[in-house]
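Notes for the one structure printed next.
The values are calculated or read from the model by the stated rules, or taken from the named source; none is laboratory data. For clarity, every value in this text was computed on a predicted model and none was experimentally measured. Backbone-built Cβ (ideal geometry, glycine too); neighbour counts: all protein chains shown. Just so you know, the surface numbers come from the protein's heavy atoms only, side chains and all, with ligands and any DNA or RNA stripped out. Shrake-Rupley method; radii C 1.70, N 1.55, O 1.52, S 1.80 Å.
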Amino acid sequence: MTRPVILSDDDNNLARCARAISNGQLVAFPTETVYGLGADATCDVAVSLIFETKQRPRFNPLIVHVADTATAKKIVQFNSRAEALADAFWPGPLSLVLPRRRNCGLSLLVSAGLDSIAVRVPAHPLAQKFLTKVDRPIAAPSANPSEEISPTTALHVFYSFLADSSSDNLLVLDGGACEVGLESSVIDISGEQTVLLRPGGITDKAIETVTGKLTVAKNDNRIPSSPGMLRRHYAPSTPLRLNALSLKEGEILLGFGPTPVNTQFNLSPSGNLVEAAANLFAMLRALDTAAPKCIAVMPIPLEGLGLAINDRLRRAAAPQFELTDT
Ligand code: TXA
Ligand code: MG
């Protein structure tokens, strides 16, 4: 078994990672949200390797990462809402679903048969450097096996793919811990309505200052409006009990704000949602390793980033389901 290789962010390693992408290999790289499992978005074989490595259902399309708005416009057809949103939030944790440009050169596998593509300009300085060096669009889902918890450090990626023989020689570019810690907000602006497909790193309120009222996609069913928003996701192997106010026997508490009992794990002792978002996935991983009977999660307010945090927790708590998200 070959291990994934963690690389520091010097120029030699950046060049090595860029070469790997040009050769059709995968490279895991940091963004401000979570680490991505990147491949050349113009190459069928490379994109298909993402699906294989993650064991991701092929119907679930990928987000395409580019260095700037000008490059995004070569891939998708912009409209006035796209212009306004890109001006307001790019680079940053927002993905825009827009009509795919014919002849954009991207692998059809990226959009899983849809006529649209989700594009994003990440803000992480190392992601920016990497995209500029590679000089082609990079398709990247979160760098975790399907259904499991998204990675917010290079070590998370390392452990996620350690036992995976298909991830031989997976290069992992280390950019430290992700600042936001939750995936990008995904909004569909390909039609007349502005539809929130996935709450994420930019709050609904902030988006609405640009777009007006959002329509929220109903995702808790078997035919989700965004293919990736199926019920179970972000899941530790330990069961989760949400909105817990006290602790039952065999449980460990994941706190938020002041806790009823002492706990090593508190998303934010001061009740700060930005801090809680940044800690969420790493704490779920640590708790999973401690292997309690159950993880009892205190209530997180349903406002601001709390909407996205609650979305992730609900999916993490969902029972095993025949359709899965990644
Ligand atoms: O923050 C993020 O968005 C991270 C980093 C690496 O950029 N990426 C990420 O990718 O979370 P992934 O594959 O785990 O989630 C992509 C989501 C899925 O829910 C997928 O269904 C949706 O975006 N999506 C992608 N393309 C779409 C499209 N054309 N139409 C509707 N939904 C789309
Ligand atoms: Mg994911």
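For this structure, a couple of remarks:
- Within straight-line reach of K218, meaning a Cα separation under 16 Å, sit the following aspartates and glutamates at least 8 residues removed in sequence or on another chain: D188, D204, D311, D325.
- In the chain, the longest principal axis of the Cα atoms and the axis of helix 80-89 are about 60 degrees apart.
- Protein accessible area in the stretch 96-214, 1.4 Å probe - carbon and sulfur %: 49
- With the cut-off at under 13 Å, measuring from each backbone N in the stretch 259-274 to a point 7 Å along the Cα-to-Cβ line of E303 picks out 272-273.
- Carbon and sulfur %, accessible surface of the stretch 240-317 computed with the full protein complex present, 1.4 Å: 55
- Reference-scaled alpha-carbon Rg (2.2 N^0.38 Å with N residues) for the stretch 114-179: 1.22
- Helix 125-134 and the longest principal axis of the Cα set of the chain meet at an angle near 30°.
- In summary, the lysines within cross-link reach of K213, defined as a Cα separation below 27 angstrom excluding same-chain residues under 8 places away, comprise K73, K205.
- Summed over the residues of the chain and divided among them, the accessible surface reaches 42 Å² per residue at a probe radius of 1.4 Å.
- Selection from A278, S48, L267 lying farthest towards where the dipole of the chain points positive, charges on Cβ: S48
- Peptide ranges 262-268, 20-26, 125-131, 62-68 listed from the most packed, as the mean C-beta count within 10 angstrom indicates: 62-68, 125-131, 20-26, 262-268
- Helix 273-290 vs. the chain, principal-axis angle (Cα, 0 to 90°, nearest 10): 70
- Mean ellipticity per residue at 222 nm, deg cm²/dmol - from DSSP H runs of n ≥ 4 across the chain, formula -39500 (n - 2.57): -9000 deg cm²/dmol
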